[in-house]
Amino acid sequence: MDKINVGILGATGSVGQKLIELLQDHAWFKIAEVGASETSAGKLYSYAATWAMNSAMPDDVANLTVKKCAPDFDSKIIFSALDASVAGEIELEFAKAGYKVISNARNFRFDPKVPLIIPEVNPGHINLIREQNFEDGFIITNPNCSTIGLVLALKPLEDQFGIESINVTTLQAISGAGFSGLTSLDVMDNVIPYIKGEEEKLEREPLKILGSLADGKIDFAGINISAQCNRISITDGHTECVQIKFREKPSREDVIHAWNSFIADPQEMMLPSAPRRPVVYFDDPYSPQPRKHRDLGGGMTVAVGRLRDCPIFDYKFTITSHNTVRGAAGGTILIAELLEAKGFLTG
Ligand code: NAP
């Protein structure tokens with residue numbers, strides 16, 4: 001099959017570079033255009049970007065001239081990794097002009113007509129696109145990086161046992177703050193107990209994602225969530241310590257089995273970026289760890305461990321997931337694959 005040309009907005013940033021790294025040998029998509037701010041526009045990508053990935057910058061992308069983020073791209077499929085301060089206006093302009101925008105930014109996550117998608121969790125919510133009033137274009141969003149890991153671990157538990165309440169404390173990697181986010185003096189040898197807007201996202205986004213779609217609207221899930229978010233001195237990989245109360249307490253074995261047996265549409269459809277298993281439980285008490293487990297399943301699998309009784313809730317456990325792969329670039333690529341497989345992109 002001929003590859004589908006895609007454009008990347010915010011291509012010089014942390015998530016934009018991860019998109020380039022993950023898309024360079026993609027089976028279905030080819031990077032045809034890249035866009036960034038006025039400072040980068042007009043330069044060759046190799047000059048505009050300070051490449052921070054571990055792999056080499058792909059030659060074909062290095063030689064692309066960075067465009068302004070205006071809706072004159074030839075590619076009709078757009079991945080957005082734009083800074084939230086500009087993403088809202090730019091993504092809207094693209095959607096109005098007929099582009100299919102898959103966004104990492106927060107701006108439209110709570111628009112009632114915009115799906116907030118984790119492909120294994122709520123693939124059916126993509127039908128919400130039909131409620132948008134653009135002629136050919138649409139906007140679809142990827143959740144926050146810590147929401148994605150958490151909700152992947154919660155989904156099989158919610159389906160099988162019903163969840164009443166969650167208390168979650170995060171230990172989040174530096175790359176989650178983007179390239180201009182934090183200086184080494186801020187974060188080295190330190191824990192920062194505040195990430196602007198993060199606790200609100202982690203308390204609200206899961207309710208939309210785990211909600212049900214009926215009559216063109218999402219009915220939010222009725223789970224109580226309390227979140228505390230911290231930035232720590234780790235490059236990649238968010239860790240989250242979770243306490244959970246169920247509607248009816250299952251056995252420990254049943255919880256672990258629910259995680260280890262969980263598969264969904266992306267696995268059944270064998271989408272190129274789908275990990276064989278989205279969630280894996282580790283029995284050894286020293287797991288999960290960001291350095292050891294963030295690359296599991298190509299960075300698309302959530303590692304879970306330390307399931308034990310909790311004297312306040314029913315159980316407690318720990319998860320680790322890759323924030324710029326599953327939590328951002330890889331997540332949006334999997335959404336695009338799901339959209340293509342279901343006929344929403346080129347069908
Ligand atoms: P970043 O490293 O700061 O990159 C921001 C990108 O936006 C750069 O390419 C920058 O281009 C571009 N940009 C800035 N101002 C612009 C303007 N006025 N017009 C056009 N482009 C402009 O940020 P990031 O961490 O990659 O995050 C990108 C988005 O993904 C954000 O909305 C963020 O909240 C979201 N997100 C990030 C993560 C993560 O783990 N990092 C996870 C989930 C979601 P220049 O280089 O030319 O300035």
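The values are calculated or read from the model by the stated rules, or taken from the named source; none is laboratory data. Since the structure is predicted, the reported quantities are computational estimates derived from the model, not experimental observations. With ideal geometry, Cβ positions are generated from the backbone for all residues, glycine too; neighbour counts draw on all protein chains shown. Areas reflect the complete protein model, heavy atoms only, side chains present, ligands, DNA and RNA absent. Shrake-Rupley method; radii C 1.70, N 1.55, O 1.52, S 1.80 Å.
Consider all pairwise Cα distances in the stretch 51-180 and report the whole-number % of them above 22 Å. Present the calculation step by step, with values, prior to reporting the outcome.
Values: 4146 of 8385 pairs.
Here the tail beyond 22 Å accounts for 49 percent of pairs.
Express the relative contact order of the chain as a whole percentage, based on alpha carbon pairs under 8 Å and six or more residues apart in sequence.
Numbers: 791 pairs, mean separation 57.6, N = 347.
It comes to 17 percent, rounded to a whole number.
For the chain, what proportion of DSSP beta bridges, expressed in % and rounded to the nearest 5, is antiparallel? Walk me through the intermediate numbers first.
Working: 26 of 59 bridges.
Around 45 percent antiparallel, to the nearest 5.
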In a GNM of the chain with a 10 Å cut-off on Cα contacts, which of Arg277, Arg308, Arg109 has the highest mean-square fluctuation?
-> Arg308
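Whole number in Å², please: accessible area per residue of the chain, 1.4 Å probe, ligands, DNA and RNA not counted. Write out the running numbers ahead of the final one.
Numbers: 14970 Å² over 347 residues.
Per residue, the chain has an accessible area of 43 Å².
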With a 1.4 Å probe and every protein chain kept in, tell me what percent of the accessible surface of the chain is carbon plus sulfur.
-> 48
Among Gln24, Gln160, Gln172, determine the one that fluctuates most according to a GNM of the chain built with springs between C-alpha atoms less than 10 Å apart.
-> Gln160
Partners for Lys30 among lysines (Cα-Cα distance below 24 Å; same-chain residues under 8 apart left out) | Lys3, Lys18, Lys43, Lys67, Lys68, Lys76, Lys96, Lys100, Lys342
Candidates Lys113, Lys196, Lys100; GNM for the chain (alpha-carbon contacts under 10 Å) flags as most fluctuating Lys196
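Looking at the stretch 170-256 only, what percent of DSSP beta bridges run antiparallel? Nearest 5 please. All intermediate terms of the calculation are to be shown ahead of the outcome.
Working: 7 of 10 bridges.
Percentage antiparallel, nearest 5: 70.
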To the nearest 0.05, how large is the calculated FRET efficiency for His257 and Glu164 if R₀ is 30 Å and r is the Cβ-Cβ distance?
-> 0.90
Please express the Cα-Cα pair-distance distribution P(r) of the stretch 201-347 as a list of whole percents, one per 10 Å bin, running from 0 to the bin with the greatest distance.
-> 10, 32, 40, 15, 2, 0
Quick one: check the C-alpha center-to-center distance for the stretch 276-324 versus the stretch 255-269, whole angstrom.
-> 15
